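Written out below as structure tokens is the structure these notes cover.
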Amino acid sequence: MNLFNIFDPSTTIFNLEMNWISTFLIILLMPNFLWMMPNRMNWILFKIFNSMNNEILMLYKIKKTKSPAFLFIALFMFILLNNFFSLFPYIFSSSSHMIFSITLALPFWLFYIILSICKNTKNMVAHLIPLNTPIYLAPLMTIIETMSIIIRPFSLSIRLTANLIAGHLLMTLLNFNSMMIIIILIQMFMMIFELCVALIQSYVFSILSSLYSSE
């Protein structure tokens, strides 16, 4: 009944909290691209996936380790589709909630931290002190580096949530009035801008996740 209800996960329909269903519907829509005949959409997706794969491979070639690029490309596609669907009116915007972004960021971060502790403890501890750091600054730099590692999943989540909710709120607050033509032009510009934000934020989230994992 209200545009602001797209930010409320507890909005009910017949006493059922169904807003989160929009997130899981994306999973049902993703395999459809595998069955489409070659067209512009497939070509665009292929170019995006290919460029992302090359960027992620560069990170892991430097470390001389195997690249789980398919994980981050799938993460990118999932976030992008959720961001795109949240631009439609009266559709629940799941990607503008911290619970959505932290659920994606925290498992990736936690998995690589646990894996590093179990498989490569010595190098992980050494990574806490930057190269050529004076010995008297080593304890302070260790604390700073540890804090920077801990806040990584939260910074990823806040970046995605804040950028999406800011644009959604601005578009919601642009109501029609006597200056209708100007408002329509502004909304058209905002829609293009939000489409760019939806693409960029999903790209940034997946690339930073791959960067953190390679480190």
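Trypsin sites (Lys or Arg not before Pro), restricted to the range 98-196: which are DSSP loop and have at most 14 other Cβ atoms within 10 Å?
Here no trypsin sites (Lys or Arg not before Pro) fit, given the DSSP loop and packing criteria.
Each residue of the range 184-197 is assigned a 3J(HN,Hα), and the resulting list reads 5, 5, 5, 5, 5, 4, 5, 5, 4, 5, 5, 4, 5, 5 Hz, derived from the Karplus form 6.51 cos²θ - 1.76 cosθ + 1.60 (θ = phi - 60°), x at Gly and Pro.
Every read-out reported here was derived from the displayed coordinates using simple, explicitly stated rules and does not represent laboratory data. Remember, predicted model here, so these are calculated numbers, not experimental data. Cβ: placed from backbone, ideal geometry, glycine included. Neighbour counts: every protein chain shown.
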